[in-house]
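Here the structure comes first, spelled out in structure tokens, and everything after it is commentary.
The values are calculated or read from the model by the stated rules, or taken from the named source; none is laboratory data. Keep in mind the model is a prediction, meaning the values are calculated, not measured. Note that we place each Cβ from the backbone using ideal geometry, even for glycine, and neighbour counts take in every protein chain shown.
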């Protein structure tokens, strides 16, 4: 294993991921328990995700706003399920000043600056936002409100993993207010579809869309929709959720409006969010033992150009050619965005080192440019996902690459889709189900019947660590929609649901 | 005063500002002391600011990253001046869980979930970032590091004002690391120039660039540069700062590197930031008694189209024409960005109400479109800053408006510049100085001699509430650079400095 190397996936998938994230300069651990530093290379992925999602939110009529970081403790107490879900792992602010410790040993919270009411760092913003919406909404003419915010949130997780589960994370949270149940339902479904489209078209990650069981839904929701991805170790990742909150928060915060008919009614709500967890999902879905594999739409570097030559005169020639190619590529557009190019002029590193380094950092393709290539009027193009190197005439590089990047995007999606299909199975007996999940490795998506009760769900999870990932909105195959017998209890089941071990 | 109206500036400038911010839907007070809700219309201004600044940061070689919200208490203690500056007004996290109060009265911090070390919500991120950079920097080849982050920060301010001073605010903070003093100095000056350019070209607010006095510099800096604006009540606003931190944080966190010559040296640092305070500065600089005046580069709505007609058939005609004009304008570009247009089809409001409402909300110009205008093949264009209404042939609207918007941008800048120049005076006697600042109203920029000591600075502030806004980098007029006698003590002074009452 070279200094660039990471533990192979086959040896230890968890080590592979953790090492890759750090070595590919995506994120780093911080001095604060469970909090990460998102490094520039990783943050660039998040910025591309933000741009893509934000455009989709605005195209569906949403606007951005910003609500406070702090949630008064009493707000959390108002919605009964919500407080159950979030009070157990939150950061509590109790003082607003430090002072010198009289014993001279540093700083202590100043007892005279104790807050009258503790503040919680938002784990999510429903309570703060609904307290505000109550002021803003009087009449049906104030509806709908279609607001999103980009923010940081904190949930005091005990076991963390870079990007996938951190105490502080970055996300967006949409919070909408509607006059009717049907309108809120349409909104929740629309945003689920936005998330599905983003996961599949930008991240090249196929996802199942479905309903969460009562046991897995958001604390305070009427019902929760989700997108569920499957990554290379056959574990599921909940990649995004869209909640129909019913009138729960409106009732907790007294948010009423006068309808067109002059009646006083409670407002219907949705909320929906995706987070920096998407970065982890993308990494886990596509990357390999050489490092990051990033789909072109989200790759911080799409093209790495490595001009060669030890001799200064040779180098001057290849550098000049590399800069010219870079300029041509940057002037070209893929997915309506200038191509993201780096020219690697590090003089102390060998070409071989640079090839490995750009594979580690997930450049979608590499252009090798040596003096003999220039003499022949060609460059070598190597795709990140392997295959034959291509010898491309210099004059055709731009057209070659503007086609190669979308082709790579499609290949990554197809590969992930085939993997998911090969990792999805139907099981009809408890013995088989239990055996699948008792193995050290996760079995992928297991599509099986369930009697629909929370009790059975809990029992299955207790026995196997499998959770119900979702009740699919449309059957994965037609027979999934047929009734059957619960895998554990044998009681009647309306349709198959999807089980997996999950991150 | 109509329902859209705000208190006139001449009557009470402070009320005018506070009412304008709320009535123009820019921001709202929240339930949490000192924290604001940034409403979509106000957040759109911040998004435009972010886009403009981020482009300039990237064009000067910076990349974005993200560091944790939490600062361990011990980090704050490491840099002596820094802790003095920030320990007194910070949010302190002491627990990581709430639990039900045994007396049944709600939630309390769980005593079993008390943190071993308290965490501070970042008031600024130098300590967290330098703790990280110490891990990242070994050799001169790791330098420079040129990182920016967009984040929220908290300073527990006692007296707050929407946008200008809030407990939580949004900002960007650049943190760079360099091998030499000169390189760090060049960086600090470069970013000051970026801020000056942004303030003048985007915000249309002329600013002074200067050095802060020792008493006003950033806690932990070697020296601080700033941009200082003057708003309509002749008070100054510190709109941005760029700090040369010397080796202070490197020494506090042990950040050393091996130089090209093989010597172990401490790293030099800069940090620089602007915040949502810029939104308040922009509002105060240009707005009037009718509401928000926003420079076109930062106006959420550049063109408001008001199609008229009570009769449904007439309305169908004007609506169709309005939509067509809107589409043409959105396809055109001003400042390399599609023109931001709204068509106002509210049927229950009169044209007059809509005119006032768009003036309140700061649309740069308004197109009035009635049936007689359509018959004549023209539209009425009214600029937000007044003057004659123009009757513009429909076919010329796009070219008229693509010229009118930059012209408005320039007019706003010129007007603000003239105001600042008319509000700047030179004073040579203490009696005159004291009289100017004793008045109820602020006198603007007062350019006077000072003996350069912190003691005199404090005395002047104590006696007059005037503060030294900056020691200008270049004299406002040549004679300002000549030596003289301190306004208070009569001791020798090297150059004139700028005093003002400030927000």
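When the range A:151-165 is examined, which residues are found to be at the interface with another protein chain (Cβ under 9 Å from one of its Cβ atoms) and more than 19 Å from residue B:98 (Cα to Cα)?
If the condition is that a residue be at the interface with another protein chain (Cβ under 9 Å from one of its Cβ atoms) and more than 19 Å from residue B:98 (Cα to Cα), then A:151, A:152 are the ones that fit.
Given the structure, is residue A:460 touching a helix residue (DSSP H, G or I) at 6+ places or on another chain (Cβ under 7 Å) and buried (at least 18 other Cβ atoms within 10 Å of the Cβ)?
Against the criterion (touching a helix residue (DSSP H, G or I) at 6+ places or on another chain (Cβ under 7 Å) and buried (at least 18 other Cβ atoms within 10 Å of the Cβ)), residue A:460 does not qualify.
Check residue A:103 against each of (1) within 20 Å of residue B:123 (Cα to Cα); (2) not assigned by TED's automatic domain parsing to the domain that holds residue A:185 and name the one condition it does not meet.
Every condition holds for residue A:103 apart from (1).
Given the conditions (1) over 29 Å from the mean Cα position of the chain (by Cα); (2) loosely packed, with under 13 Cβ neighbours inside 10 Å; (3) more than 26 Å from residue B:223 (Cβ to Cβ), and given that residue B:434 satisfies all but one, which numbered condition is not satisfied?
So residue B:434 meets the others, but not (2).
Give the residues of the range B:84-104 that are surrounded by fewer than 22 Cβ atoms within 10 Å (Cβ to Cβ) and in a strand (DSSP E or B), sorted by residue number.
Across the range B:84-104, the qualifying residues are B:94, B:99, B:100.
Taking the range B:132-158 on its own, how many of its residues are in contact with a helix residue (DSSP H, G or I) (Cβ under 7 Å, 6 or more places away or on another chain) and either more than 22 Å from residue B:77 (Cβ to Cβ) or crowded, with 24+ Cβ neighbours inside 10 Å (or both)?
Residues that pass the stated criteria total 7.
Does residue B:198 count as closer than 30 Å to residue B:450 by Cβ, away from every other protein chain (no Cβ under 14 Å) and touching a strand residue (DSSP E or B) at 6+ places or on another chain (Cβ under 7 Å)?
no
Can you name every residue in the range A:105-140 that is within 9 Å of chain B (Cβ to nearest Cβ), modelled with pLDDT under 95 and in a loop (DSSP other than H, G, I, E, B)?
The answer is A:106, and nothing else.
Just checking, which of B:475, B:443 is outside the structural domain of residue B:243 (by TED's automatic domain parsing) and over 20 Å from residue B:502 (Cβ atoms)?
Selected residue: B:475, the only one of B:475, B:443 that is outside the structural domain of residue B:243 (by TED's automatic domain parsing) and over 20 Å from residue B:502 (Cβ atoms).
Identify, by number, the condition in (1) surrounded by 15 or more Cβ atoms within 10 Å (Cβ to Cβ); (2) out of contact with any strand residue (DSSP E or B) (no Cβ under 9 Å at 6 or more places or on another chain) that residue B:316 doesn't meet.
If we test residue B:316 against (1) surrounded by 15 or more Cβ atoms within 10 Å (Cβ to Cβ); (2) out of contact with any strand residue (DSSP E or B) (no Cβ under 9 Å at 6 or more places or on another chain), just (1) comes out false.
Determine whether residue A:496 is modelled with pLDDT of 95 or more, within 21 Å of the chain's Cα centre (by Cα) and either within 24 Å of residue A:442 (Cα to Cα) or assigned by TED's automatic domain parsing to the domain that holds residue A:237 (or both).
So residue A:496 does not fit the description; no.
If we scan the range B:270-290, do we find a residue that is more than 26 Å from the chain's Cα centre (by Cα) and more than 23 Å from residue B:22 (Cα to Cα)?
For the range B:270-290, residues more than 26 Å from the chain's Cα centre (by Cα) and more than 23 Å from residue B:22 (Cα to Cα): absent.
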